[in-house]
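What follows draws every value from the coordinates through simple rules; no lab data is involved. Worth saying up front: this structure is predicted, and the values here are computed from it rather than measured. Backbone-built Cβ (ideal geometry, glycine too); neighbour counts: all protein chains shown.
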Amino acid sequence: MRLSRKVTAMALASMMAVSMMACGSSDSSAPATTAAPAATEAAKTEAAKETEAAKEAATEAAKETEKAVGAGGSIGVCIYKFDDAFMTTYRNALQEILEGKGYTVSVMDGKNDQAEQNNQINNFITQGVDALIINPVMTSAADQIIATVKDAGVPTVLINREPTADQMSAYDKLVYVGCDARQSGTMQGELILDTPNKGDINGDGKVSYIMIQGDPENVDAQYRTEFSVKALTDAGITVEELDLQRGDWDRNKGQEIAQNDLAKFGDEIEVIFCNNDDMAIGALQAIQAAGRKVNEDIYLVGVDALDAALNEVVNGNMTGTVLNDANGQAAGAVEAMEALLGGKTYAAGEQSIYVDYVKVTPENAADFQ
Ligand code: GAL
């Protein structure tokens, strides 16, 4: 049973009880005006008692509402795939917060397959979950996902892959909680600007880089790619892109791309930008295998602040990373979900809630470990 609906029904029932009691009391007191005063008083007392009882019932119903949604509500969570380093941290945080609050939580692995995830969403709807938290497999599937949850009337929080404001405006019980990926790209560029030679290790007047991209369908990959380089060009730096390839957020792909590019471009590569840390860890393996030394003859930056990356930043094997705050986003997603369960709706253009990224250098890396 969907609690939000149950809750509304319970609240309605008790409101009706109050108004019906009120009607009943005036009805019974109407003829009493012409009857004996004692009978009038008795009727009034009876009516007052009934109204009091109705009020108590309403208070009880309100308490039940609180209990039902806050503890024992059932939440369906869809993750685009379990085999993703950052989303593993995120989903664990989400599950812990939800279970800590007494919700019954079911988390599904979309296995990077949108059709599979669509089935999971439909199953959750059939089971009557109270709310959904969805990390879409494909941003391009947002329209369909939104139409499905709207049709079922299930309050929904989208996470990690941001649809457009226009797409979200179709359903007012839907909100996106995530980060503004432009910010993370800019911070990656700033990490390079903060190095002693601003990324120009060989002093030839330009910063030559390779870009290892996440899944390009994802706005995080698009913005990080664009804004990391933009931070350099905005600072008046000349850049040269030696290569740009998709590594799909994957460590092994990051390693392969870096290995091939290091073999191809050798010392020409001064900076390796990776759209996330897992690919940066892969790139680091290739850098070390090629006998290069980060922060001496090459710079390397990622995003996420995975534990492994924080260690490498501290050890000087990564120039820096950017905290993608999994805990903050998970807490924000649950907060937004509870607001929706409490009846809040979101106006068009106000359906994105952002958590800030944080630049991570050897100086502050320990704060996040
Ligand atoms: C990004 C994150 C990546 C990957 C991706 C999945 O925000 O930086 O590591 O998890 O989300 O969509």
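Before moving on, here are some points about what is shown:
- Taking amide hydrogens as placed 1.01 Å from N in the peptide plane, the amide H of Ser352 sits under 5 Å from those of Tyr176, each at least 5 positions away in sequence or on another chain.
- Using θ = phi - 60° and Karplus 6.51 cos²θ - 1.76 cosθ + 1.60, couplings along region 318-328 (whole Hz; Gly, Pro as x): 9, 5, x, 8, 10, 5, 9, 6, 4, 5, x
- Amide H within-cut-off set for Ala290, under 5 Å, with H built and near neighbours excluded: none
- Every Cα-Cα pair in region 182-324 was counted, and those over 23 Å apart are 21% of them.
- Gained length - Asn202 relative to Thr345, 0.36 nm times residue gap less alpha-carbon distance: 46.0 nm
- The length gained by stretching the chain between Asn315 and Asn112 to full extension, at 0.36 nm per residue less their Cα-Cα distance, is 69.7 nm.
- Vicinal HN-Hα couplings computed from phi for region 360-369 (Karplus, 6.51 cos²θ - 1.76 cosθ + 1.60; Hz; Gly/Pro x): 10, 10, x, 5, 10, 4, 4, 4, 10, 7
- Sequence-distant residues sharing a close amide H with Gly320 (under 5 Å, placed H): Leu300, Gly302
- Taking 7 Å steps out from each Cα toward its Cβ at Glu99 and Asn119 produces label points 2.6 nm apart.
- Taking packing as the residue-averaged number of other Cβ atoms within 10 angstrom, the listed peptides 142-153, 173-184 run from highest to lowest as 173-184, 142-153.
- Using θ = phi - 60° and Karplus 6.51 cos²θ - 1.76 cosθ + 1.60, couplings along region 247-259 (whole Hz; Gly, Pro as x): x, 6, 6, 9, 4, 5, 5, x, 5, 4, 5, 5, 4
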